[in-house]
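The block underneath contains the structure these notes are about, expressed in structure tokens.
The values are calculated or read from the model by the stated rules, or taken from the named source; none is laboratory data. Computed from a predicted structure; not experimentally measured. Glycine gets a Cβ as well: all are built from the backbone with ideal geometry, and neighbour counts include every protein chain shown. Accessible surface areas use protein heavy atoms only, side chains included; no ligands, DNA or RNA. Shrake-Rupley method; radii C 1.70, N 1.55, O 1.52, S 1.80 Å.
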Amino acid sequence: MTAADITDPVHVDALGPRGAYRSRVPSTVTDVSGAEVARLSLVPPVYVTRALAALRRAEPVAAAGADALLRAAGEEFATGTIGGLGVREYEHLVSRTSGIPLTVVRSTTRGTARFVAQAQSSARRGKPSGAVLDRRDPALKAGHAVWARRGDVFAVNASGNHPGVHRQWLEALALGYRVAVRPSRREPFTAHRLIGALHRAGVREDQLVLLPTDHATGDALIRGADRAVVYGGDDVVARHAHDPRVLTQGPGRTKILVTADTDWRQHLDTIIGSVADEGGTACVNATAVLVEGDPAPLAEAVADRLSQLPALPLQDARAVLPVCPLDRARALSSYLRSAAAGTRAWLGSEGVVGDLGDGSAALRPAVHQVDSPLAAQLRTELPFPCVWVAPWSRADGIAPLRDTLVLSALTSDGTLLDELLAEPTIANVHVGDTPTYWMAPGVPHDSYLSDFLMRSKAMIGTL
Amino acid sequence: MTYEPSSVLDAAPSDGVDPDEFVRAAMHWHFDPRTGSRYWLERAERLAFDPMRDVKSVADLSLFPDLTDELRDVPVTELIPRGYGNRAALINVFDSGGTTGAPKRVVQLDDWMRRSTEQIDRRLRDHGLPVGTHWLTVAPTGPHLVGDVLQRAAGALGSPGLSIDMDPRWVRRLIAAGRGDEAESYTDHLVEQCRRILLTQDIGVLAATTPLLERFAAEDDLLERINGSVEAIIWGGTHMDPDTRHLLATDVFPDVPLIGMYGNTMMLTALIERVGLSASRPCVFDPVSPNVFLSVVDPGTGERVEVGERGQVIVSHVSKSMLIPNNAERDTAVRVRPADGQAGDAVADVAPVATVKDERVIEGVY
């Protein structure tokens with residue numbers, strides 16, 4: 001069967017501690033045109049309670065064989081048939097539901113397989129140099145630290161904007177946490193496939209579960225776990241801000257800074273890629289570009305290049321723009337129009353809806369120039385290539401650069417770089433010709449996840 | 001069959017009176033100036049029809065508008081039919097939970113309390129409930145009907161009722177205020193109180209709300225105890241979705257029969273799950289002629305939906321002590337043919353009205 005032959009909705013079952021679970025009335029997963037493509041089993045609260053209890057009782061994944069296991073799981077994820085879906089069918093479903101171009105999904109599959117294979121070594125790169133992994137380590141004879149988990153059960157409340165979000169929690173599994181993943185109801189396929197692959201490679205069903213739920217039950221899952229990561233907007237971040245057990249992954253508000261000593265024309269591909277690669281849907285896509293000097297030429301050049309991106313159906317090999325239901329595209333377009341009031345529109349003033357005629361629409365790029373680096377628009381992050389270009393001067397300082405997941409600094413100013421690194425609300429700094437979306441196993445996304453999951457315990461003496 | 005009006009009205013649910021005749025008798029009682037309540041006599045003047053003349057059958061109860069909103073303000077003494085004279089034995093005033101605003105108030109007189117208890121007792125015995133064994137009921141008491149119903153049911157079976165009170169209004173307030181952690185602490189508090197009883201007393205019947213039963217699922221010692229010695233679990237007070245019911249019956253409490261109870265304040269009693277249904281089949285609640293009539297309607301048109309279709313539940317309570325006709329519940333259910341020749345509809349898979357959640361996400365990429 002080829003991907004194009006898929007007609008019947010696929011069943012996406014919960015994967016519980018005792019195997020697959022199908023609910024009596026599965027909920028519907030629709031694609032960007034509104035067509036039903038899958039039936040997702042949402043588990044009720046009591047299922048979550050039972051699954052958490054089972055995870056708590058289960059042994060951690062043994063560190064000894066974990067590397068081989070993770071390599072096998074990565075291979076299975078990238079090539080296997082899981083839950084009745086070959087990798088091509090899986091990728092089609094992800095693309096059709098998340099609205100990300102198929103080519104982006106495909107390259108993410110390969111990337112994710114690499115992250116899976118290296119999850120244990122990645123996780124260990126976050127270990128403090130003063131701590132050891134094993135209580136039998138001879139260093140402990142003289143007194144040392146042992147790296148230990150802060151809890152047993154880790155819950156993931158995932159988002160569906162990009163399949164790459166599922167690369168992070170593997171480190172928790174590798175560190176010995178038992179993991180419960182609540183997938184996005186819009187795109188549950190990646191979590192299902194990844195967990196299926198890990199089970200097939202040898203992770204036990206009571207060590208790793210997939211728990212699709214409604215919103216309220218998802219909150220119960222978070223409450224019942226020792227540690228949790230939650231993806232969402234500002235409201236979600238605010239809701240969990242005071243809970244030290246919850247790590248929030250909110251809007252990225254990723255930015256690029258170009259200082260006067262750098263000719264941005266040399267880096268235009270990097271800037272364009274930062275805005276638009278991955279369909280512009282990731283938190284590591286650039287939302288703002290700040291330019292020391294006149295921002296107009298840069299805005300014009302970016303707009304010129306982005307205007308050439310075609311509005312195409314997702315499965316077209318040339319498709320690069322995200323697609324969503326037509327109604328939502330119109331709502332986003334009108335939201336953009338109101339958000340952009342008072343700015344200079346270089347691209348997108350006619351709206352961003354690229355109607356594809358099947359109930360869905362591609363979201364065309366937008367480029368707007370604002371007149372101050374403190375303009376409110378710079379905080380407006382939208383799920384398509386949408387960038388705000390602002391002037392910046394040394395007098396503005398780094399205040400406009402705060403609250404940023406990735407800051408790409410196109411500069412040769414080492415003093416400024418020191419300031420950026422010292423700023424607590426800038427999570428990652430890329431220097432030079434590297435796009436904002438660059439990631440690699442072992443390099444933290446928002447600090448090492450292990451900073452949140454692990455602690456160092458003093459120990460002296462061995463047995 | 002013909003009855004004197006008074007004898008028809010005094011019939012118990014098991015007496016097999018003709019429901020239409022009962023309704024006619026009730027109209028004469030509630031709308032005759034000598035016997036009706038002050039509330040109904042005054043309200044009748046503003047009805048578009050004459051209840052004594054126009055309401056001839058159960059079906060005609062649908063002529064009444066839903067007047068239950070007025071029960072938020074009516075002084076309870078004005079609800080008592082004058083026909084009782086000085087002999088009216090007011091046992092309780094119950095409040096609705098206040099989900100839809102200020103609580104609505106109903107009165108429970110001695111005669112209806114006995115009817116209701118007899119009916120529940122009979123249904124529970126049909127389920128084979130043990131007699132004389134200790135009950136633990138964990139339910140809202142005080143102004144709430146459900147705790148009282150359960151206590152009386154235990155009593156009818158000769159069973160001492162141990163109980164833990166819960167305050168659903170406070171829990172709702174906590175949740176509405178975003179204080180979910182405090183609501184959790186309150187639940188923990190309830191579980192702790194239950195633990196003391198379950199581990200020290202010989203409990204044969206456990207009656208609890210769905211969320212409490214779900215919460216027990218996390219307590220290994222309680223599960224062991226309940227599965228080891230409890231002979232029946234009665235759930236009620238809130239809804240239970242079919243997946244939860246199946247899991248509780250097969251996975252959490254595999255050794256104990258689960259018996260559903262559907263009731264609310266405006267019904268003034270509770271309906272017990274039809275006997276003989278497995279956890280894989282929908283949970284059905286039959287009405288109780290001639291006092292509790294259900295119909296399942298299209299919320300848009302008010303027309304009855306077909307058997308097997310889901311619609312909004314409309315409940316009428318008709319007794320000598322109270323008349324609460326045509327009350328549109330916030331519940332939905334699947335319409336089922338009632339058993340035992342009961343009038344009206346039976347309901348299956350009762351669920352709260354679905355609340356539509358907007359997909360807010362305009363800003364942000366998630």
- [ ] Take the Cα of B:Glu231, step 7 Å along the line toward its Cβ, and report every residue of the stretch B:254-279 whose backbone nitrogen sits under 16 Å from that point.
- [x] B:255-259
TODO: Express in nm, to one decimal, how much length is gained between B:Arg34 and B:Arg330 on full extension, taking 0.36 nm for each residue of separation and deducting their alpha carbon distance.
DONE: 103.1 nm
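In whole percent, and with a 1.4 Å probe on the protein chains, what portion of the accessible area of the stretch B:235-308 is carbon and sulfur?
Percent of accessible area from carbon and sulfur atoms in the stretch B:235-308: 51.
Send over a whole-number figure in Å² for the accessible area per residue of the stretch B:217-306, probe 1.4 Å.
Using a 1.4 Å probe on heavy atoms only, each residue of the stretch B:217-306 averages 35 Å².
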Open item on the list: How would chain A be classified by its alpha-carbon gyration tensor: rounded, prolate or oblate, with rounded meaning a/c under 1.5 and the a/b versus b/c comparison settling the rest?
Closed with: oblate
TODO: Run the dipole for the stretch B:264-356 about the Cα centre, Lys and Arg Cβ at +1, Asp and Glu Cβ at -1, nothing else charged, and hand back the magnitude in debye, nearest 20.
DONE: 140 debye
Task: Whichever lysines have a C-alpha closer than 19 Å to that of B:Lys320, once near sequence neighbours (fewer than 8 apart) are set aside - done: B:Lys56
TODO: With an 8 Å cut-off on Cα pairs and a minimum separation of 6 or more residues, tell me the relative contact order of the stretch B:18-74 in percent.
DONE: 37 percent
- [ ] For A:Ala216 paired with B:Val76, estimate the spin-label separation in nm (one decimal), with each label point 7 Å from Cα along the Cα-to-Cβ line.
- [x] 2.9 nm
- [ ] Whole number please: convex hull volume per residue, Cα atoms of the protein assembly as shown, in Å³.
- [x] 193 Å³
- [ ] Quantify how strongly other chains surround peptide B:242-249 by giving the mean number of their Cβ atoms within 10 Å of each of its Cβ atoms.
- [x] 5
Open item on the list: Given contacts defined as C-alpha pairs under 8 Å and at least six residues apart, what's the relative contact order of chain B, whole-number percent?
Closed with: 15 percent
- [ ] Give the relative contact order (percent, whole number) for the stretch A:70-119; include only Cα pairs under 8 Å separated by 6+ residues.
- [x] 56 percent
Task: Prolate/oblate/rounded call for the stretch A:310-445, Cα gyration tensor, a/c under 1.5 rounded - done: oblate
Task: Protection-proxy order for peptides A:86-99, A:348-361, each taking the mean of Cβ atoms within 10 Å per residue, highest first - done: A:86-99, A:348-361
TODO: Determine ³J(HN,Hα), in whole Hz, for all residues of the stretch A:92-101 in sequence, where each value follows from phi through the Karplus function 6.51 cos²θ - 1.76 cosθ + 1.60 and θ = phi - 60°; x replaces Gly and Pro.
DONE: 4, 5, 4, 4, 5, 9, 7, x, 8, x
TODO: Would you kindly derive the ³J(HN,Hα) couplings of the stretch B:239-251 from the backbone phi angles with the Karplus curve 6.51 cos²θ - 1.76 cosθ + 1.60 (θ = phi - 60°), listing them in order in whole Hz, with x for Gly and Pro?
DONE: 7, 9, 6, x, 5, 5, 4, 5, 5, 4, 6, 9, 10
TODO: Consider a paramagnetic label point 7 Å from the Cα of A:Ser393 along Cα→Cβ; state which residues of the stretch A:224-258 have an amide N under 11 Å from it.
DONE: none
Task: Assigned charges on the beta-carbon of Lys, Arg, Asp, Glu; the protein assembly as shown dipole about Cα centre (debye) - done: 1540 debye
TODO: First check a/c for chain B, with a ≥ b ≥ c the square roots of the eigenvalues of its C-alpha gyration tensor; if it is under 1.5, answer rounded, and if not, answer prolate when a/b is larger than b/c or oblate otherwise.
DONE: prolate
- [ ] Report in % the part of the accessible area of the stretch A:310-463 that belongs to carbon and sulfur, leaving out ligands and nucleic acids; probe 1.4 Å.
- [x] 54 percent
Task: Point-to-point label distance, A:Arg114-B:Ala177, nm (Cα→Cβ direction, 7 Å offset) - done: 5.2 nm
TODO: Take the alpha-carbon centre of the stretch B:282-309, take the same for the stretch A:347-390, and report the distance between them in whole Å.
DONE: 51 Å
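So if I place +1 on the C-beta of Lys and Arg and -1 on the C-beta of Asp and Glu, and nothing else carries charge, what would the dipole magnitude of the stretch A:274-338 be about its Cα centre? I want it in debye, nearest 20.
Numbers: 5 positive and 8 negative charges, 69 e Å.
With Lys and Arg at +1 and Asp and Glu at -1, about 340 debye.
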Open item on the list: Just to confirm the number: angle between the C-alpha axis of helix B:220-229 and the first principal axis of chain B, 0 to 90 degrees, nearest 10?
Closed with: 60 degrees
Task: Contour excess over end-to-end distance, with Cα ends at A:Arg265 and A:Arg24 and 0.36 nm allotted per residue - done: 81.0 nm
- [ ] Tell me which residues come under 5 Å, amide H to amide H, from B:Thr137 once H is placed; ignore anything under 5 positions away on its chain.
- [x] B:Leu162, B:Ser163, B:Ile164, B:Ala207
Task: 1.4 Å probe, heavy atoms, protein only - residues of the stretch A:31-60 losing at least 20 Å² accessible area vs chain alone - done: A:Pro44, A:Pro45, A:Val46, A:Thr49, A:Arg50, A:Arg57
TODO: At 7 Å along the Cα-to-beta-carbon direction for both A:Ala440 and B:Glu42, put a label point, then send me their distance in nm to one decimal.
DONE: 8.2 nm
- [ ] Would you mind checking the stretch B:286-300 for residues with the amide N under 11 Å from a putative spin-label position 7 Å along Cα→C-beta of B:Ala339?
- [x] B:286-287
Task: Listed residue (B:Ser229, A:Ala296, B:Ser316) projecting farthest to the positive dipole end of the protein assembly as shown, Cβ model - done: B:Ser229
TODO: Specify which residue in the list B:Thr77, B:Ala333, A:Val258 is farthest towards the positive end of the charge dipole of the protein assembly as shown, using unit charges on the beta carbon of Lys, Arg (+1) and Asp, Glu (-1), about the Cα centre.
DONE: A:Val258
